[in-house]
Every structure is written in structure tokens, then in C-alpha cells.
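Notes follow once the structure below has been shown.
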Amino acid sequence: MITLENDYIKVSLAAKGAELQGLFSKETGLEYLWNANPKYWAKHSPVLFPIVGSLKNNSFNYQGKNYELPRHGFARDHVFNFEKISETEAVFTLTQTDETLKIYPFYFGLKLKYQLIDRKLNLTYEVINTGTEELLFSLGAHPAFAVPNTPNTVYEDYYLAFNTDEKLTYWKLDDGLVADETENIELSYHKLNLKHELFYNDALVFKTLQSNCISLLNTKNDYGLHFHFEDFPFFGIWAATDAPFVCLEPWCGVADGVNHDQELEHKEGVIKLAAGEKWSRFWEVECF
């Protein structure tokens, strides 16, 4: 376990999956990250790479060959190399192996850089195409935040506040694939009240979200967090059935549609990176 720490926050990181496993505020004395209780969901904040969500039939076609990949890809289950740069910064890296090339025929470098900046944790993802042909990939975040995380509160006391959206349109999931059907949620003063039944039919998948900051707040006290993200065209909000957490998931990529032809080059949201090129995105969270 790797620890980063400054005057305001302390985070714990694991080499497996380069996963954030703890987010503690010294000022509030609260832990903000989900504890990965396997009764509900045994992860904290996995990286989704080289796909987001499920593939149709758990497979894709590329240059006439068929490959199988599990939901959300393989990076979250691999041990990353890491370097602790300072007390407040660490970098994790993953590259292709003979094993990954059998299921995903691309050469790549994936880097996760964690930085503590005052009261904020910043996570930057960087992908580089280390091969000679175009790299096709998706990438997403999946951090789970504890709800409730303060004494004398319950799940229904919490809500999500969107900095721009007044209405949410989400795509339904059909056995993990994006269906053609959408539903709307009218927000009250940009607020979505949390309740377990929101997620009884899997995640809420957004393709037209306008906000770039979502706050997790409650009606009983002033504790909470601001979750900021930039240039992620898709977003998911999810919790396991009746679980005491909520996931805020900015995505560059999305699960296959129910009518997808399984050709990787045609996949919705797939990123196409030329040889030698780099790509990056970030999110950050501020606890209070």
C-alpha cells in the first residue's frame, strides 16, 4: 500500500489496478471513499481500460479476428509499476504483455498520476500509442464514495448537485448493453436525491451531460465533496443493490449498444490514437 499525505488529506493507493483505496480528510476526520465490502462490491475505484462497460457477447472484432474481453477491460486486475515521486505525488504505469496481446492486439502505455493539491486529489490518466499502428481504446473512472459517511445520516439524506444540468436524460441498460430507450429525470434546483431504487436496473448512463462538477451533499450537515471532471463525453452513476455508496463515473467510451456490429472501429466513443501520440484526461475531488 502506498500513502500520499499533506496537511489536509491522506490517500491510500494499491499497485494492483493502480487503485485508490482510501480518501481521508484530516480536517473533517471522515473517510470519503467506499470501503469495498464484498457483501456489495469489492472494489474502491477501478480504472476502466481498454473498454468501458460490456462488449456485446463479451467480444469484439478487429482486422478479421475475434477477441474476448471482460466487462471494463483488464487494467483493473493487473499490477502496475509505480514510482512515488514525493509525499504528495505517485505515478503508476502499465504496458502490454504477451498475455494482453492475446485478448487486445495493441501496444500501449497507460499512466495514472495521483497528486494532492491542497484539499484536492487529482487523478490524471495518460495513454500513449507505443505501437506502429493506430491504437483503439476507451477509458473510464469508477470511484465509489461512501453514503452515508457521517454519523446520524442515512442514504436518503444525500443528494447529487449538478453545476449546470436542470434535467437528466439517461440511457437504459439491457443486460449490460446500452438500449435504445431513454428516460428523463427532472431535477429540482439541479439536485438529484439519492435512493437505492435509482440503481435497481443497473447504472444510469448519460451521453449528454452538461455539468463538469457534481457535488455529493446531504441535508443533515455541511460535509460533502465536489467531483470535477473535464472532456468526458459519457458519464455513469451507479450503486450495487441497496449498497451504502454511489459511484460517479466519467467515461471516454461506453458499453456496446444492443445493436452494435461488434467491430471495434465502429464502437461508440472509441478513441483512435495514431502511433506515437499521447492522450490524457483528469478528474479531481475536493472533500469538506
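The values are calculated or read from the model by the stated rules, or taken from the named source; none is laboratory data. Note that the coordinates shown come from a computational prediction; the quantities given were computed from them, not determined experimentally. Here the Cβ positions follow ideal geometry from the backbone for every residue, glycine too, while neighbour counts run over all protein chains shown. SASA here: full protein model, heavy atoms, side chains in, ligands and nucleic acids out. Shrake-Rupley method; radii C 1.70, N 1.55, O 1.52, S 1.80 Å.
Annotations
- Gap separating the Cα centres of the range 226-258 and the range 89-163, nearest whole Å: 12 Å
- Using C-alpha pairs below 8 Å separated by at least 6 residues, the relative contact order for the chain is 21 percent.
- Computed from the Kirkwood radius of its Cα pairs, the Stokes-Einstein diffusion coefficient for the range 119-198 at 10 °C and 1.306 mPa s stands at 95 µm²/s.
- Note on residue 59 and residue 36: their simple-model spin labels are 3.2 nm apart, each label 7 Å out from Cα toward Cβ.
- Note on the range 149-288: along the principal axes its Cα atoms extend 51, 33, 25 Å, ordered by decreasing extent.
- Among 235, 208, 125 - extreme Cα towards positive end, dipole of the chain, charges at beta-carbon: 125
- Rel. contact order, % - alpha carbon contacts under 8 angstrom, at least six apart, the range 82-184: 15 percent
- Working note: Cα atoms of the range 1-83, range along each principal axis, descending, whole Å: 55, 32, 16.
- The relative contact order of the range 210-288 comes to 33 percent, based on Cα pairs under 8 Å that sit 6 or more residues apart.
- Gained length - residue 120 relative to residue 272, 0.36 nm times residue gap less alpha-carbon distance: 51.6 nm
- Accessible area expressed per residue, the chain, with surrounding protein chains retained (probe 1.4 Å, Å²): 44 Å²
- Burial order of peptide ranges 186-194, 23-31 (average beta-carbon count within 10 Å, highest first): 23-31, 186-194
- Pairwise FRET efficiency - residue 26 versus residue 132, Cβ, R0 = 35 Å, nearest 0.05: 0.15
- Size descriptors for the range 247-288, from the alpha-carbon set: Rg then Dmax equal 14.6, 46 Å.
- Each label was represented as a point 7 Å from its Cα along the Cα-to-Cβ direction; for residue 103 and residue 87 these points are 4.0 nm apart.
- Annotation note: GluC sites (Glu not before Pro) in the range 223-288 located in DSSP loop regions with a Cβ neighbour count of at most 12 within 10 Å are 230, 277.
- With bins 5 Å wide beginning at 0, the percent of Cα pairs of the range 1-151 falling in each bin runs 2, 9, 17, 20, 18, 13, 10, 6, 4, 1, 0, 0.
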